[in-house]
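The values are calculated or read from the model by the stated rules, or taken from the named source; none is laboratory data. Just so you know, these numbers come straight off a predicted model, no measurement behind them. Methodologically, a virtual Cβ is constructed for each residue, glycine included, from the backbone with ideal geometry; neighbour enumeration extends over all protein chains shown. Just the protein is used for accessible areas: all its heavy atoms, side chains included, with ligands, DNA and RNA removed. Shrake-Rupley method; radii C 1.70, N 1.55, O 1.52, S 1.80 Å.
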Amino acid sequence: MTLAPLASAAEVEAAWKDPKLANVLYHNWEASTYDEKWSISFDERCINYARDRFAHVADTGGWPYGKSLELGCGTGFFTLNLKLAGVIDECHVTDLSPGMVDVAQRNARGLGFEVSGRVADAERVPYEDDAFDIVIGHAVLHHIPDLDLTFQEILRVLKPGGRFVFAGEPTRHGDYVARRLSRFTWWATTRVTRVPQLSGWRRPQVELDESSRAAALEAVVDVHTFVPGELERLARRNGAIEVRVTTSELLASWFGWPVRTFECAVPKAKLGPRWAFFALNGWQRLAALDERLEGVVPRGLFYNAEITGRKPA
């Protein structure tokens with residue numbers, strides 16, 4: 001994976017003190033390779049995942065929602081897969097990164113439909129009051145500095161009785177464990193592959209350095225981690241009702257983050273279909289086991305948090 005040098009050295013330096021600028025630079029930088037990096041697709045695997053994460057917190061009633069807005073759409077993973085699953089109908093997407101909005105719209109066209117896209121700040125959503133049946137997002141809230149402003153905007157643009165659903169948000173404990181597992185995997189892999197007998201498994205040093213720079217900037221764009229109860233209170237104090245937070249992925253995250261880090265640390269050509277089957281099958285089995293642990297293990301120990309609520313009618 002090679003990241004295009006879309007930012008000057010001065011911009012990158014300024015981004016360390018400006019999370020919004022960091023988000024624009026980082027996500028513009030990764031837009032063209034983001035789907036490959038995170039194994040994002042628009043097939044049965046990801047359609048089922050997006051649908052199941054939505055249903056896990058918000059159930060299946062009311063499908064399809066008529067007019068949907070996504071905040072921080074990235075390359076369109078959540079919106080496009082939910083549309084393919086029949087969860088939403090008319091799609092509007094926003095992101096602080098122009099590059100991500102472009103890729104999301106291009107992905108939609110490749111699937112045979114259009115989405116309306118705008119470059120927008122989630123703290124100042126450029127739509128009229130009472131405009132949407134549902135507002136959604138995936139792995140976006142932890143990037144936004146002022147979440148009180150954002151939830152006020154979410155409720156403003158929702159129609160009375162409208163719902164919001166956000167998934168893929170890191171819990172405080174889950175993120176702590178995942179980051180340390182990833183760092184250890186990166187450290188171990190990049191050192192073991194220095195052994196001459198394993199030289200073919202080592203990515204070129206310039207690519208490793210590039211990945212390290214991306215990871216460093218990623219630490220700036222990740223502003224929050226969440227305690228489930230605090231996330232519920234955040235939504236309620238800004239006027240939401242029927243607020244619910246669920247969590248998922250405990251053992252699956254302990255497996256998935258090292259696997260993903262290892263994939264980023266070695267040449268892709270070395271990992272064939274057998275590895276892909278091992279990674280997917282292993283994650284799915286552990287995710288199924290995690291579902292049985294819900295309600296037994298404290299929810300704050302899981303990696304992912306999902307939140308839903310409504311605007312008062």
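Here are a few things to note about the model shown:
- Any hit, segment 243-254, residues being farther than 27 Å from residue 20 by Cβ, at pLDDT below 95, open to solvent by less than 60 Å² (accessible area, probe 1.4 Å) and touching a helix residue (DSSP H, G or I) at 6+ places or on another chain (Cβ under 8 Å): no
- Residue within segment 94-112 that is polar (S, T, N, Q), at pLDDT 95 or above, over 24 Å from residue 37 (Cβ atoms) and over 15 Å from the mean Cα position of the chain (by Cα) present: no
- Filter result (open to solvent by 30 Å² or more (accessible area, probe 1.4 Å) and in a loop (DSSP other than H, G, I, E, B)) within segment 63-77: 63, 64
- Here residue 290 passes the criteria (1) touching a residue at least 40 places away in the same chain (Cβ under 8 Å); (2) within 27 Å of residue 121 (Cα to Cα); (3) not hydrophobic (A, V, I, L, M, F, W, C) except the one numbered (2).
- Looking only at segment 23-58, and only at residues there that are closer than 26 Å to residue 130 by Cα and out of contact with any strand residue (DSSP E or B) (no Cβ under 9 Å at 6 or more places or on another chain), the one that is surrounded by the fewest Cβ atoms within 10 Å (Cβ to Cβ): 55
- Considering each residue of segment 256-275 in turn, none proves to be in a strand (DSSP E or B) and open to solvent by 40 Å² or more (accessible area, probe 1.4 Å).
- Scanning segment 230-242 for residues that are crowded, with 17+ Cβ neighbours inside 10 Å and either in contact with a Gly (Cβ under 9 Å, 6 or more places away or on another chain) or not hydrophobic (A, V, I, L, M, F, W, C) (or both) gives 232, 235, 238, 240.
- Of the residues making up segment 118-127, those that are part of a loop (DSSP other than H, G, I, E, B) and either on the phi > 0 side of the Ramachandran plot or surrounded by fewer than 16 Cβ atoms within 10 Å (Cβ to Cβ) (or both) number 1.
Conditions (1) closer than 14 Å to residue 85 by Cβ; (2) touching a helix residue (DSSP H, G or I) at 6+ places or on another chain (Cβ under 9 Å); (3) at pLDDT 85 or above, marked per residue:
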| position | (1), (2), (3) |
| --- | --- |
| 18 | no, yes, yes |
| 24 | no, yes, yes |
| 31 | no, yes, yes |
| 39 | no, yes, yes |
| 52 | yes, no, yes |
| 58 | yes, no, yes |
| 64 | yes, yes, yes |
| 71 | no, yes, yes |
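- In the condition set (1) farther than 14 Å from residue 267 by Cβ; (2) out of contact with any Phe, Trp or Tyr (no Cβ under 6 Å at 6 or more places or on another chain), residue 208 is compliant with all but (1).
- Given (1) within 18 Å of the chain's Cα centre (by Cα); (2) in a loop (DSSP other than H, G, I, E, B), number of the condition residue 60 does not satisfy: (1)
- Filter result (outside any helix (DSSP H, G or I) and over 20 Å from residue 144 (Cα atoms)) within segment 96-117: 112, 113, 114, 115, 116
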